[in-house]
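Chemist: I am attaching a structure below and will ask some questions about it afterwards.
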Amino acid sequence: QVQLVESGGGLVQPGGSLRLSCAASGIIFSSYDMSWYRQAPGEQREWVAGIPSGGRTNYADFVEGRFTISRDNTKNTVYLQMNSVKSEDTAVYYCRARLGLRGYWGQGTQVTVSS
C-alpha cells in the first residue's frame, strides 16, 4: 500500500520559515519524481516545485527563490523549505509521487501565514 504522509505545516508569521516533509512508503522512492503542490481556498491546485529522480530541481515562478525542494532517498522523504513566506502562501500543501503513468498524492498539510 502506497502512503505519502506530509507534516510540518502550521501557523507562521509573514517573513518566517517553515519546512514541510513528505514521507513515502510502499514505493521505490528513489525511482519516483517528487513534487509539491498547493491549494488555497476556492482555488485550483497548483504546482509549486519538483525534484525528479535524477534531475534538476524546478520551481514555479511565484516561488521567486524563497523555497527549496530536496529529497533524501535514504529516508524516503522529500522536503520543502519555505523561507520569507507571504500571506498568499497560505494553502494546503500536497506532495505527489509520479513514475510514468503512476501517481500518488498525500493527504496534505495546512500552511497558514498570518500575523
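Chemist: Any residue at all in the stretch 9-17 that is in contact with a Phe, Trp or Tyr (Cβ under 9 Å, 6 or more places away or on another chain), in contact (Cβ under 8 Å) with a residue 12 or more places away in the chain and closer than 21 Å to GLY103 by Cβ? Spell out how you get there, then give the answer.
Modeler: Residues of the stretch 9-17 in contact with a Phe, Trp or Tyr (Cβ under 9 Å, 6 or more places away or on another chain): 9.
Still in the running and in contact (Cβ under 8 Å) with a residue 12 or more places away in the chain: 9.
Filter once more, keeping what is closer than 21 Å to GLY103 by Cβ: none.
Checked the stretch 9-17: no residue is in contact with a Phe, Trp or Tyr (Cβ under 9 Å, 6 or more places away or on another chain), in contact (Cβ under 8 Å) with a residue 12 or more places away in the chain and closer than 21 Å to GLY103 by Cβ.
Chemist: Tell me, please, whether a residue that is under 14 Å from TYR94 (Cα atoms) and within 11 Å of the chain's Cα centre (by Cα) can be found in the stretch 24-33.
Modeler: For the stretch 24-33, residues under 14 Å from TYR94 (Cα atoms) and within 11 Å of the chain's Cα centre (by Cα): absent.
Chemist: Hey, can you tell me all the residues within the stretch 60-81 that are assigned to a strand (DSSP E or B) and more than 20 Å from GLN110 (Cα to Cα)?
Modeler: Correct list: ARG71, ASP72.
Chemist: Report, by residue number, each residue of the stretch 63-88 that is farther than 16 Å from SER21 by Cβ, at pLDDT 95 or above and either open to solvent by 20 Å² or more (accessible area, probe 1.4 Å) or in contact with a helix residue (DSSP H, G or I) (Cβ under 8 Å, 6 or more places away or on another chain) (or both).
Modeler: Result: ARG66, SER84, LYS86, SER87, GLU88.
Chemist: Scanning the stretch 1-49 for residues that are hydroxyl-bearing (Ser, Thr, Tyr), open to solvent by 20 Å² or more (accessible area, probe 1.4 Å) and touching a Ser or Thr at 6+ places or on another chain (Cβ under 9 Å), which turns out farthest from PHE67 (Cα to Cα)?
Modeler: SER31
The values are calculated or read from the model by the stated rules, or taken from the named source; none is laboratory data. None of these values were measured; they are calculated from a predicted model. A quick note on method: Cβ atoms are made from the backbone with ideal geometry, for glycine too, and the neighbour counts reach across all protein chains shown. Calculation scope for accessible area: heavy atoms of the full protein, side chains included, ligands and nucleic acids excluded. Shrake-Rupley method; radii C 1.70, N 1.55, O 1.52, S 1.80 Å.
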